[in-house]
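The structure appears below as structure tokens.
The values are calculated or read from the model by the stated rules, or taken from the named source; none is laboratory data. This structure is a prediction, so every number in the text was calculated from the model and none was measured. As a convention, Cβ positions derive from the backbone with ideal geometry for all residues, glycine included, and neighbour counts pool all protein chains shown. Ligands, DNA and RNA are stripped out before the accessible areas are found, and what is left, the full protein with its side chains, is counted by its heavy atoms. Shrake-Rupley method; radii C 1.70, N 1.55, O 1.52, S 1.80 Å.
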Amino acid sequence: MSDCLFCKIIKGEIPSTKVYEDELVYAFKDINPIAPVHVLIIPKQHISMLWDVNEENSAVISHIYEVAGKIAKELGLENGFRVATNCGEDAGQTVFHIHFHLIGGRKLGWEEQ
Ligand code: 5GP
Ligand code: ZN
């Protein structure tokens, strides 16, 4: 998707601070962190939102959860962390390339923001 912000970040057309990368996913620091650790994990394949996840593309989503656990360990989040995906208007999704917020480094309330 040539006009997608996160596709541009994956291609390096927009700079980002890389945290992790492999053949399927890219993870980078959120530009506007809400906690000491706030990483966005995204599939390299463009999927707009959670309800576009299906039998054909869902393997990358389970891989993202594997990666999230590894990153959390590497960043020392042994006290806990959260992985969250906003889907659609009511949840406040602003970028329509599916992404997983990995948030930690402080006590997290249930309703954040
Ligand atoms: P959403 O609100 O869609 O769940 O989350 C989008 C996230 O992307 C927000 O937390 C926002 O701070 C982050 N974001 C938006 N634009 C950029 C950018 O250009 N670079 C980075 N690193 N993060 C961004
Ligand atoms: Zn995209």
- Could you check residue 65 against (1) in a loop (DSSP other than H, G, I, E, B); (2) open to solvent by 40 Å² or more (accessible area, probe 1.4 Å) and say which number it fails? (1)
- When only residues in region 73-90 that are in contact with a helix residue (DSSP H, G or I) (Cβ under 9 Å, 6 or more places away or on another chain) and under 20 Å from residue 61 (Cα atoms) count, which is surrounded by the most Cβ atoms within 10 Å (Cβ to Cβ)? 81
- Message: Only one of 109, 76, 69, 104 is touching a strand residue (DSSP E or B) at 6+ places or on another chain (Cβ under 7 Å) and over 19 Å from residue 49 (Cα atoms). Can you tell me which?
- Response: 104
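Among the residues of region 39-49, which ones are within 16 Å of ligand 2 (Cβ to nearest atom) and in contact with a helix residue (DSSP H, G or I) (Cβ under 9 Å, 6 or more places away or on another chain)?
So the first thing to find is which residues in region 39-49 are within 16 Å of ligand 2 (Cβ to nearest atom), and the list is 40-49.
Those that are within 16 Å of ligand 2 (Cβ to nearest atom) and in contact with a helix residue (DSSP H, G or I) (Cβ under 9 Å, 6 or more places away or on another chain): 40, 41, 42, 43, 44, 45, 46, 47.
Do you know which of the residues in region 12-29 that are part of a loop (DSSP other than H, G, I, E, B) and within 16 Å of ligand 2 (Cβ to nearest atom) is surrounded by the most Cβ atoms within 10 Å (Cβ to Cβ)? Break it down stepwise before answering.
Applying the first criterion (part of a loop (DSSP other than H, G, I, E, B)) to region 12-29 yields 12-17, 22-24.
Pick out the ones that are also within 16 Å of ligand 2 (Cβ to nearest atom) and you get 12-14, 16, 24.
Values: 12: 9, 13: 10, 14: 11, 16: 17, 24: 13.
Only one residue tops the list, namely 16.
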